[in-house]
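Novice: Would you mind keeping the following structure in view while I ask a few things?
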Amino acid sequence: MGLFGGRKTVFVDADILVIGGGMAGCGATYESRYWGRDLKIVCVEKANIERSGAVAQGLYAINCYMGMQWGENQPEDHVRYARNDLMGLVREDLGYDIARHVDSTVHKFEEWGLPIMRDPKTGRYQREGKWQIMIHGESYKPIVAEAARKAATKVYNRIMVTHLLMDAKKANRVAGAVGFNVRTGDFHVFRAKAVIVSAGGASHIFQPRAVGEGMGRTWYAPWSSASAYALPIQVGAKMTQMENRIVLTRFKDGYGPVGAYFLHLKTYTENGYGEEYEKRWYEDTKALVGDYIDRHPVPTCLRNHAILKEVAAGRGPIRMVTKEAFQDPHKETVGWENFLGMTIGQAVVWASQNIDPKHVNPELTTSEPYVMGSHATCSGAWASGPEDYAPAEYQWGYNRMMTVDGLFGAGDTIGGTAHKFSSGSFTEGRIAGKAAVKYVNDMTNGQPQVSEQEYRDLEKLIYQPLENYRVGRNEIVAGTVSPSYLLPIHGLQRLEKIMDEYVGGISTNYMTNGVLLARGLELLAMLKEDMSHMGAEDLHSLQRAWELDHRLLASESVTHHTLFRKETRWPGYYYRGDHMKLDDENWHCFTLSRYDRNTGKWEMEKAPVYHIVD
Ligand SMILES: Cc1cc2nc3c(=O)[nH]c(=O)nc-3n(C[C@H](O)[C@H](O)[C@H](O)COP(=O)(O)OP(=O)(O)OC[C@H]3O[C@@H](n4cnc5c(N)ncnc54)[C@H](O)[C@@H]3O)c2cc1C
């Protein structure tokens, strides 16, 4: 194979394989060791766990902390909050399970050295909002990663996992995973008794607002490439709520977060003419969603909705009124530090655009949609719930096990559980780790068998883009457009354009309908056909090719789910023009999908929503 002819195959045996060493993966690795003292626990990560995942550059707040030690909130309160924000549809069993354990996770972070701010008067953690506590987060990820590193038998950094392996003897049971080292090109075969997928959410499946040289500047991490969804989808795991993509209101051009501004600095928004506008859209929104508009706090999607309507009515831009708060030097410092701590790019954008928030009210905008399971959104895999709390219908195996035996998930991977954020994702990783240890210890019918044929076939497939490029490159003398291969960047742009125009992205103001979605699926199928012509000039490009493959499969899932749910449940995230209203009578349910890789067909079904907390 030319340049990569010397490539090695590295075999790794593990009891538990954790894929993705972000927040959830570190939690899973840490807890697996606690319960499985003698087990072989391996964590595999495409970057380096020291600074990988969505929290890579540090955060300013931990967004999920109950404060039970001070009687601030109870787990039931968090379930009610998440349910309300997601317009009634969350897996209450899973959410409760995280909420009851999340405080202990945060206490561990503090013990491991994370500086958490304290209120000087009460001595309690400094609250930014009802659920958020403020931290000095620059070293958040290295601190969490250290715990995982010490717990793991081995951490493999720089390995992009491309496919899961299935048991050759027992149907519907996972047996490991394969991937390649993005620096050396070595092929890795991981054989495992249980696999925990914690590979983050998905950016760049919809056309981003930031294009050209700014295209890497998305709100959700640009390296979140949908592996968390594609890996389970490929092997037939059921997914849920994949239509529930999230759109964020953020400071324009830098995607700087607004939470601290609203909650801590008490800033507010106004339209381009300095007017309050949310009340103006009250009746309009009520006609779409009924009394959800009267809930407190107003669901995130509905706040987006008012912004979109006001801008469409020609009264934009929407601005954050910072001029008043920033007269207070303390608030001014907090406002800037909020960005310097985690979104430095926003501070740089403001500096470069002559925006001093003390004198100019900065513009807000709504982002392109993202797919993830840990923020104000709950796309992901359909998982079995906790034994002591989940309704029978939500229990078919071990806690956080998907509908594939031995395949667990946590964080952005798991659907139905919004508002877990960094601390909740780590906590869910711990829950999955504990359950996976039990699964391994209970294993009585022999361990999974990996078929050599399967991984050798996958090896051929994985490196094919390098070969396509090597051969096809000879047909052109210059430039990047070839008659025989497609570069990952070209494929990505094509995917983003399809999703944007047909599935409710920014260019259609988040609007779609059954006709558009059906055409979108046809175009996605054509892109899928072309994926066998992917060309990769080097290992970096090979990684991009497989990230695109994962994004494409997740996009197909999003499109099928959006087509299936014939209502507009979350105005402000997306609209079904042919079903503009929320329809609780027919759609107060979860949507589930299952992909059959042999036929390429998707099956859709509904699952009931159980309200466990009153
Ligand atoms: C801009 C931004 C601001 C946020 N602000 C806050 C905040 O203030 N407070 C808060 O609590 N939370 C915040 N969050 C949310 C928080 O970061 C996420 O909830 C959390 O990181 C999700 O954990 P995860 O493990 O599922 O995903 P991640 O932490 O993203 O980890 C996924 C890991 O999988 C790896 N990976 C992906 N694909 C593969 C593959 N194919 N093979 C191997 N490895 C792979 C990735 O490199 C990564 O390390 C924010 C997120 C973003 C993007």
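The values are calculated or read from the model by the stated rules, or taken from the named source; none is laboratory data. For clarity, every value in this text was computed on a predicted model and none was experimentally measured. Every residue, glycine among them, receives a Cβ derived from its backbone with ideal geometry; neighbour counts consider all protein chains shown. When the accessible area is computed, the model is the full protein with side chains, heavy atoms only, and any ligands, DNA or RNA have been set aside. Shrake-Rupley method; radii C 1.70, N 1.55, O 1.52, S 1.80 Å.
Novice: Given the criteria assigned to a helix (DSSP H, G or I), touching a residue at least 60 places away in the same chain (Cβ under 8 Å) and open to solvent by 50 Å² or more (accessible area, probe 1.4 Å), does residue 286 qualify?
Specialist: When the stated conditions are applied, residue 286 does not pass them.
Novice: Out of the stretch 580-594, which residues are touching a residue at least 60 places away in the same chain (Cβ under 8 Å) and open to solvent by 20 Å² or more (accessible area, probe 1.4 Å)?
Specialist: From the stretch 580-594, those touching a residue at least 60 places away in the same chain (Cβ under 8 Å) are 580-582, 584, 588-594; that's our starting set.
Passing the criteria: 580, 581, 582, 584, 588, 594.
Novice: In addition: Quick one: would you say residue 579 is of a type outside the set (Val, Ile, Thr) and either under 17 Å from the mean Cα position of the chain (by Cα) or in a helix (DSSP H, G or I) (or both)?
Specialist: no
Novice: Another question, then. With the requirement that a residue be more than 24 Å from the chain's Cα centre (by Cα) and open to solvent by less than 10 Å² (accessible area, probe 1.4 Å), what does the stretch 297-314 give you?
Specialist: Selection gives 306, 310.
Here is a yes/no grid of residues against (1) more than 17 Å from residue 176 (Cα to Cα); (2) not aromatic (Phe, Trp, Tyr):
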position: 439; (1), (2): no, no
position: 446; (1), (2): no, yes
position: 454; (1), (2): no, yes
position: 464; (1), (2): yes, yes
position: 471; (1), (2): yes, yes
position: 479; (1), (2): yes, yes
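Novice: Right, next: Filter the stretch 203-222 down to the residues that are surrounded by 18 or more Cβ atoms within 10 Å (Cβ to Cβ) and either polar (S, T, N, Q) or not in a loop (DSSP other than H, G, I, E, B) (or both), then identify the one that is farthest from the ligand (Cβ to nearest atom).
Specialist: 207
Novice: For the stretch 165-182, check the following and say yes or no: at least one residue is open to solvent by less than 40 Å² (accessible area, probe 1.4 Å), out of contact with any Gly (no Cβ under 8 Å at 6 or more places or on another chain) and of a type in the set (Phe, Trp, Tyr).
Specialist: yes
Novice: Which of the residues that make up the stretch 132-161 are within 11 Å of the ligand (Cβ to nearest atom), of a type outside the set (Val, Ile, Thr) and either open to solvent by 10 Å² or more (accessible area, probe 1.4 Å) or farther than 29 Å from residue 82 by Cα (or both)?
Specialist: Scanning the stretch 132-161 gives 132, 156, 157, 158, 160.
Novice: If I ask for residues that are within 24 Å of residue 423 (Cβ to Cβ), open to solvent by less than 20 Å² (accessible area, probe 1.4 Å) and away from the ligand (no atom under 13 Å from the Cβ), which ones from the stretch 8-35 would you list?
Specialist: 16, 31, 32
Novice: For the stretch 170-186, name all the residues that are in contact with a strand residue (DSSP E or B) (Cβ under 9 Å, 6 or more places away or on another chain), more than 14 Å from the ligand (Cβ to nearest atom) and over 25 Å from residue 557 (Cβ atoms).
Specialist: 170, 186
Novice: Going by the structure shown, is residue 500 touching a strand residue (DSSP E or B) at 6+ places or on another chain (Cβ under 7 Å), on the phi < 0 side of the Ramachandran plot and assigned to a helix (DSSP H, G or I)?
Specialist: No: the conditions fail for residue 500.
Novice: Additional query: Hey, among the residues in the stretch 605-614 that are open to solvent by 50 Å² or more (accessible area, probe 1.4 Å) and not in a loop (DSSP other than H, G, I, E, B), which one's nearest to residue 88 (Cα to Cα)? Steps first, answer last, please.
Specialist: Residues of the stretch 605-614 open to solvent by 50 Å² or more (accessible area, probe 1.4 Å): 605-606, 610-612, 614.
Subset that is not in a loop (DSSP other than H, G, I, E, B): 605-606.
Details: 605: 18, 606: 15 Å.
Only one residue fits best here, namely 606.
Novice: I've got another one for you. Tell me whether the stretch 263-272 contains one or more residues that are within 16 Å of the ligand (Cβ to nearest atom) and either among the aromatic types (Phe, Trp, Tyr) or open to solvent by less than 10 Å² (accessible area, probe 1.4 Å) (or both).
Specialist: Yes: one or more hits.
Novice: Separate question: Quick check on my filter: what residues within the stretch 472-489 are hydrophobic (A, V, I, L, M, F, W, C) and open to solvent by 80 Å² or more (accessible area, probe 1.4 Å)?
Specialist: Selection gives 477, 481.
Novice: Here's another thing I want to ask about it. If we keep just the residues of the stretch 417-460 that are without any contact (Cβ under 8 Å) to a residue 40 or more places away in the chain, in a helix (DSSP H, G or I) and open to solvent by 20 Å² or more (accessible area, probe 1.4 Å), which is farthest from the ligand (Cβ to nearest atom)?
Specialist: So the residue we want is 442.
Novice: Taking the stated definitions as given, is residue 569 outside any loop (DSSP other than H, G, I, E, B), more than 16 Å from the ligand (Cβ to nearest atom) and at pLDDT 95 or above?
Specialist: So residue 569 fails the test.
Novice: Among the residues of the stretch 334-353, how many are open to solvent by 70 Å² or more (accessible area, probe 1.4 Å) and either of a type in the set (Ser, Thr, Tyr) or under 22 Å from residue 63 (Cα atoms) (or both)?
Specialist: Total meeting the criteria: 4.
Novice: Can you spot a residue in the stretch 51-67 that is out of contact with any strand residue (DSSP E or B) (no Cβ under 8 Å at 6 or more places or on another chain), more than 16 Å from the ligand (Cβ to nearest atom) and over 19 Å from residue 147 (Cβ atoms)?
Specialist: No - not one qualifying residue is present in the stretch 51-67.
Novice: Any idea how many residues of the stretch 561-578 are open to solvent by 40 Å² or more (accessible area, probe 1.4 Å) and either without any contact (Cβ under 8 Å) to a residue 60 or more places away in the chain or closer than 19 Å to residue 239 by Cβ (or both)?
Specialist: 3
Novice: Among what's in the stretch 405-416 and is of a type outside the set (Phe, Trp, Tyr) and either closer than 16 Å to residue 385 by Cβ or part of a strand (DSSP E or B) (or both), pick the residue that is farthest from the chain's Cα centre (by Cα).
Specialist: Within the stretch 405-416, the match that is farthest from the chain's Cα centre (by Cα) is 405.
Novice: Can you tell which of 306, 228 is within 30 Å of residue 30 (Cβ to Cβ), among the small types (Gly, Ala, Ser), assigned to a helix (DSSP H, G or I) and touching a residue at least 12 places away in the same chain (Cβ under 8 Å)?
Specialist: Going through 306, 228 in turn, just one is within 30 Å of residue 30 (Cβ to Cβ), among the small types (Gly, Ala, Ser), assigned to a helix (DSSP H, G or I) and touching a residue at least 12 places away in the same chain (Cβ under 8 Å): 228.
Novice: So how many residues does the stretch 347-396 have that are touching a residue at least 24 places away in the same chain (Cβ under 8 Å) and away from the ligand (no atom under 16 Å from the Cβ)?
Specialist: 17
Novice: Which residue, of 365, 377, is farther than 24 Å from residue 164 by Cα, part of a strand (DSSP E or B) and of a type in the set (Ser, Thr, Tyr)?
Specialist: Sole residue among the options that is farther than 24 Å from residue 164 by Cα, part of a strand (DSSP E or B) and of a type in the set (Ser, Thr, Tyr): 365.
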